Amino acid sequence: MSSKEINSQSEKILKADSSRHMTESRESEIKRIGIIEHLKRAGERLKELYEKADMEEDEKNDLYRQYLDILNKDSEMIEEQKKVYDEELPENVASITRPIDENMVKVMKKCLSVIDNYIEFIEEKEHSDLISNSFEILIEASYLLDDTEDMLRVVLESVETKGGVIGEA
């Protein structure tokens, strides 16, 4: 194997390691700060990358491709979680959890909308208003999430106070 082939292979391994590292750090970041803050930070980074004038175009495009990969994985993850909240539950459980589930589905739809905006931004490399609009959507999602947490707190307090059990929910 020539040194050129070895260098090429080494570069591929480094890129794969970098991509894996970004995926692992993304997952731990989401667990630590939440999906809304994660998406906000991703938007801020995309905006910074877009505004960087001192970076080579190839390097920018490589970073954009990495962000596309991450955003697609985020979208898949949210779609999977959304299915859980769309599941049919027994009516006695559903009557209690329906408002919470509906709000969570709304939050996830907003997050998916933000991801779609980011992907469109990356593909067109213009329309920075897509990122600004996404920040507004994330604020709405954050308010919805706060409302949902309040609803959940009320349900849990009610269960504790009355000593009830919500079955298998």
Quiz item: Mind checking whether some residue in the range 121-137 is out of contact with any Asp or Glu (no Cβ under 6 Å at 6 or more places or on another chain), at pLDDT 95 or above and loosely packed, with under 12 Cβ neighbours inside 10 Å?
Solution: yes
Exercise. Consider LYS83 carefully, then state whether it is within 17 Å of LEU39 (Cα to Cα) and open to solvent by 70 Å² or more (accessible area, probe 1.4 Å).
Key: no
Practice problem: Give the residues of the range 20-51 that are at pLDDT below 85 and either open to solvent by 40 Å² or more (accessible area, probe 1.4 Å) or on the phi > 0 side of the Ramachandran plot (or both), sorted by residue number. | Solution: ARG20, HIS21, MET22, GLU24, SER25, GLU27, SER28, LYS31
Quiz item: Looking at ILE70, is it β-branched (Val, Ile, Thr), open to solvent by less than 40 Å² (accessible area, probe 1.4 Å) and under 22 Å from GLU124 (Cβ atoms)?
Solution: yes
Quiz item: Which residue pairs have Cβ atoms closer than 6 Å, lie 6 or more positions apart in sequence or on different chains, and pair a first residue in the range 73-97 that is farther than 19 Å from VAL107 by Cα with a second residue that is surrounded by 11 or more Cβ atoms within 10 Å (Cβ to Cβ)?
Solution: VAL93/ILE166; VAL93/ALA169
Practice problem: Determine if the range 146-158 includes at least one residue that is touching a residue at least 60 places away in the same chain (Cβ under 8 Å) and surrounded by 15 or more Cβ atoms within 10 Å (Cβ to Cβ). | Solution: no
Quiz item: Looking only at the range 89-112, which residues are open to solvent by less than 40 Å² (accessible area, probe 1.4 Å) and hydroxyl-bearing (Ser, Thr, Tyr)?
Solution: THR97
Exercise. State which residue is nearest to GLU51 (Cα to Cα) when the search covers only the range 81-139 and only residues that are basic (Lys, Arg) and under 18 Å from the mean Cα position of the chain (by Cα).
Key: LYS110
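The values are calculated or read from the model by the stated rules, or taken from the named source; none is laboratory data. Remember, it's a predicted structure, so these values are computed and weren't measured experimentally. Positions of Cβ are generated from backbone atoms using ideal geometry, with glycine treated the same way; all protein chains shown enter the neighbour counts. Surface areas here come from the heavy atoms of the whole protein model, side chains and all, with no ligands, DNA or RNA. Shrake-Rupley method; radii C 1.70, N 1.55, O 1.52, S 1.80 Å.
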